[in-house]
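The values are calculated or read from the model by the stated rules, or taken from the named source; none is laboratory data. Predicted model only: the values in this text are computed from it and were never measured. Neighbour counts run over all protein chains shown; Cβ positions are idealised from the backbone, glycine included.
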Amino acid sequence: MENIVIIGNGIAGVTAARHIRKLSDKKITIISSETEYFFSRTALMYVYMGHMKFEHTQPYEKGFWKKNRIELVKGHVTQVIPDEKKLVLASTESIFYDKLIIATGSKPNKFGWPGQDLDGVQGLYSKQDLNMLEVNAPNKKVCKRAVIVGGGLIGIELAEMLRTRDIPVTFLVREDSFWNGILPNGESQMINEHILEHHIDLRLSSSLKEIVSDERGRVKSIIVEETGEEIPCDLVGLTAGVTPNIDFLKDSGIELGRGVKVNRFLETNIKDIYAIGDCAEQHEAIGNRRPIEAVWYTGRMMGETLAQTVCGNKIPYNPGHWFNSAKFLDIEYQTYGWVFPEQRKKAEEMHFHWRHPKEKICITIAFHKDSEELLGINTFGIRLRHEIFDRWLTEKRTIAYVMEHMADANFDPEFYRTYEKDIVDQFNSDFGKTVKSKKKSLKQIFQIA
Amino acid sequence: MSTYDRSMALTGQPPKSLSTNQKFATFLGVTGLIIMLLAIFNVSFPNKTLWLSISLSSVFAGILWFSWNAYSQKLPGIKNDGVWFKSISSRGFWAWIAGIALTGFYIVLYFYPEYLGLVSDGDNKGIIALFDPLSKALSGNPASQWFVYGTLYTVAILAFGIKFLWKYRHNRYERLRTISVMLFQTAFAFIIPELMARLNGDKILNGGSLPYYDLKNVWPLNYYNFESYRIKGFLSSGDIGFALLIFGILSIFVITPILTYKYGKRWYCSWVCGCGGLAETAGDSFRHLSDKSTFAWKVERWVVHSVVVFVTLMTTAVVYSYLGTDTSKYWLTKSSFLIGVAVLLTLVFGWVMLFKREQLQKDAQYGAIGYFVIIMALLGMHFFSGDGNVFLFKSETLRKSYSFLIGSIFSGVIGTGFYPIFGSRVWCRFGCPMAAILGFQQRLFSRFRITTNGGQCISCGNCSTYCEMGIDVRAYAQKGENIVRASCVGCGICSAVCPRGVLKLENGPLEGRIDSNQVLLGNDVDLMTLVNQK
């Protein structure tokens, strides 16, 4: 029986395993040194915040693995020897494979800052990082102030986490507005305001120069590059992005870039070795996507795709329309298609932006200047129906059509206030149109005749 | 992971102590309780109206003050911070104290009301006497232990309801739903029945009596509704009573199925029902404690459906016991009634097996067949058993064991008393025959479902953790499946706590409602067709 070995028990590896099991009877082994069972990495924050226990982040009961005959090995792979189809573990044990799937995910970026390896300096990615956070910042007495470096999704999550324990947080963001490498200005501005509302000391256009040590090798303070200001702190959270976790592959002969280089079939340069998830790097970017996409959903999709290939139905990784979602403290964010920020916007990309006069709710729709075709949408504080936007993007609907049928796309709970009318009114006045919004139609939503 | 520390803290518990305001609020609330406790120990209060008012308002104000302090400083949004760090909400020391105290209260209430001061002939004593002024003001009668309980129940739903409204002020669905349960409890469960009792012997009723009737309580939740004393009560009140009786029957066979078809069982379980009302308000701090294991799910299905079978048998037996045998006096006799029940059950069973079988799990099919055979066999035995013995037991024995085991122990002592240990909806999930019947309707023919938003699920588990009915919502969401579960009461919290906006409670077309295809968006559609071919 063919032995499939998967390194990494994150969403990519586990999805691959589940789908291989659905499609075949092969022997499946998952190796991880992080945790015994698969858990949702994105939910680690809720454990620290006391919303959930760690067990709750594990989607499958213990019996699931046995029932599906997926063997779990707790161990750290130190070396891959493709010639012998062999893995060497830190315990010096060896594991042989017929097909190998590398799904080792990422590790937090460190850009060579002085003091970046001091005690009290950490990223937030793994279960071990969370354990470390409990030591470094259990409460506001032990951790009198935390400094977070890096203005991304993990940074704002870490800030939210620390605030639930009343720990004062200084948030250093290199850009002049939060996440404006991804978000258009109006949205980024709104999130800036929301961060301040949560009593987080947001420092824009600020980067880290140096982490200062005390006499015991613990962090004592940090120095801000731009102002030279020294901020005393007990924890430095490094959240300036992630890099593929592939150091152990250096001498294996597998072609590496920043990540493990793969083609559209998720194959590496060596036969029977594949890579998926955060650690995989496409030779050529797919559409507007980046070659490495460290996103939960892409990891899952690659796992699904690769399972087909491994089970003899070779198909390319072909992600559909881009989507993503996140939550900035209390504000939910969803995006479908592409809405680029000002600096990356193409000449033909037009934006329509609406923001609620009082609430932290806004929406941006990108469309083609000439054809008026929908390119993408960002929403904050309004939930949108995934299937509808996926359909509209495929059908290349115009902005006017989208405006007219906004009610069909609304996915907010019942009785929520809807803003379709306000949005359409502003659209009409901004672009001199006369679109009228239509009532919600179950027939259209569920596509029934 | 079994040795996992609750707090995750290696250096001691994270700081989740009470603020000064909350300490004062607790003091105020407990003072109110102490007045009641003193009354239980027969401390005689000179001015009962005054002391009762002081006691109830301190409890009320204490709860409000506490929750105001907890939520007023926070921005609207999901705030379950530290829930698993607090002793009371993570099965810690205070949870056990609260659980034991509540359970003790229920045991005394149901089985030893004399310790609360109930006197059968003569003036009440103790805490019941303390409540006399309020009861007299409402119904004209002295208080009973049920009146004391009803008042405290209503106060709890109102005060904790306001807490819930603060906590979920960003969510209109939750707000409206809570206002609805608060209203139904105060008006329909508490005040209206008292006023109805006041109408006893009034002229419009020609000297008859109007039963104490909580209109929103539908059989089988009020399993006593068709007992002979109730029927006599209805019939003695002339047209109004008769109308109430008809309403009682219509609610079972017409009103309930129609509403459930349109809105799922949530219209009842989380918008109207008093048991649900208490679970949602006072029980909100314990909702995450429900067991989500598949084992618990199996137990739940067998237990709750057995209760339905039991209550059906019991009611049949009770009605049977007071019907006559002489067809010339009245058309409804022992035999015609049993035949009617048999026909009705056969119709329901036949309909499900013919048209809806594929929507039931295998164990549900076997269970249904088993129960059907048993009931039919018991009905058949009627012709062989002696007079007064219905089935194999005396109807009175059956009724007594039901009201003891289910009505008291399950719904009260375990259902509510164990909130801090087993979560807030233990009764609704494992014991309530009404919820089971509505769930059956919801599963088979309701427009209600929880839709999952494409492939946006990050499997974080908030939805499952906060599901008070112990449904593993995530298991469906991460596969992109619609959630159609008999036990779902439609509280909407899974959708509220979802950080990605994946879940939505909605009423849509029946077609494609139970979608077993795994529709995960994102990947190219051809691939999904491929996956679905399996």
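Quick notes on this one:
- Residues of segment A:266-288 satisfying the condition of being surrounded by fewer than 19 Cβ atoms within 10 Å (Cβ to Cβ) and under 22 Å from the mean Cα position of the chain (by Cα): A:283, A:284, A:285, A:286, A:287, A:288
- Restricting attention to segment A:309-326, the residues that are over 17 Å from residue B:454 (Cα atoms), buried (at least 22 other Cβ atoms within 10 Å of the Cβ) and within 11 Å of another protein chain (Cβ to nearest Cβ) add up to 1.
- Of the helices (runs of 4 or more DSSP H) lying entirely inside segment B:331-443, those containing at least 1 residues that are surrounded by fewer than 20 Cβ atoms within 10 Å (Cβ to Cβ) and among the aromatic types (Phe, Trp, Tyr) span B:334-355, B:362-381.
- Matching residues in segment A:402-421 - criterion: being surrounded by fewer than 17 Cβ atoms within 10 Å (Cβ to Cβ) and away from every other protein chain (no Cβ under 14 Å): A:421
- Residue A:45 being within 14 Å of chain B (Cβ to nearest Cβ), assigned to a loop (DSSP other than H, G, I, E, B), closer than 30 Å to residue B:285 by Cα and aliphatic (A, V, I, L, M): no
- Test: residue B:450 is within 7 Å of another protein chain (Cβ to nearest Cβ), crowded, with 20+ Cβ neighbours inside 10 Å and either part of a helix (DSSP H, G or I) or at pLDDT 85 or above (or both): no
Every residue, every condition in (1) under 27 Å from residue B:164 (Cβ atoms); (2) at the interface with chain A (Cβ under 7 Å from one of its Cβ atoms); (3) modelled with pLDDT of 95 or more; (4) out of contact with any His (no Cβ under 9 Å at 6 or more places or on another chain), yes or no:
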position: B:454; (1), (2), (3), (4): no, yes, no, no
position: B:465; (1), (2), (3), (4): yes, yes, yes, no
position: B:478; (1), (2), (3), (4): no, yes, no, yes
position: B:481; (1), (2), (3), (4): no, no, no, yes
position: B:495; (1), (2), (3), (4): yes, yes, yes, yes
position: B:509; (1), (2), (3), (4): no, yes, no, yes
position: B:517; (1), (2), (3), (4): no, no, no, yes
position: B:527; (1), (2), (3), (4): no, yes, no, yes
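- The number of residues in segment A:367-401 that are out of contact with any Cys (no Cβ under 7 Å at 6 or more places or on another chain), outside any helix (DSSP H, G or I) and of a type in the set (A, V, I, L, M, F, W, C) comes to 6.
- Yes/no for residue A:243 being polar (S, T, N, Q), touching a Gly at 6+ places or on another chain (Cβ under 7 Å) and closer than 29 Å to residue A:137 by Cα: no
- Residues considered: B:64, B:52. Of these, the only one that is under 26 Å from the mean Cα position of the chain (by Cα) and either among the acidic types (Asp, Glu) or more than 20 Å from residue A:51 (Cα to Cα) (or both) is B:64.
- Counting only helices (runs of 4 or more DSSP H) that fall entirely inside segment B:456-502 and contain at least 2 residues that are crowded, with 24+ Cβ neighbours inside 10 Å and of a type in the set (S, T, N, Q), the qualifying elements are B:462-465.
- Out of A:371, A:429, sole residue that is surrounded by fewer than 19 Cβ atoms within 10 Å (Cβ to Cβ) and closer than 23 Å to residue A:321 by Cβ: A:371
- Taking the criterion of being closer than 22 Å to residue A:153 by Cα and polar (S, T, N, Q), the residues of segment A:259-313 that qualify are A:288, A:298.
- Of all residues in segment B:55-81, those that are within 13 Å of chain A (Cβ to nearest Cβ) and either in contact with a Ser or Thr (Cβ under 7 Å, 6 or more places away or on another chain) or without any contact (Cβ under 8 Å) to a residue 40 or more places away in the chain (or both) total 4.
- Exclusive hit being surrounded by fewer than 20 Cβ atoms within 10 Å (Cβ to Cβ), within 8 Å of chain B (Cβ to nearest Cβ) and touching a Phe, Trp or Tyr at 6+ places or on another chain (Cβ under 7 Å), set A:55, A:36: A:55
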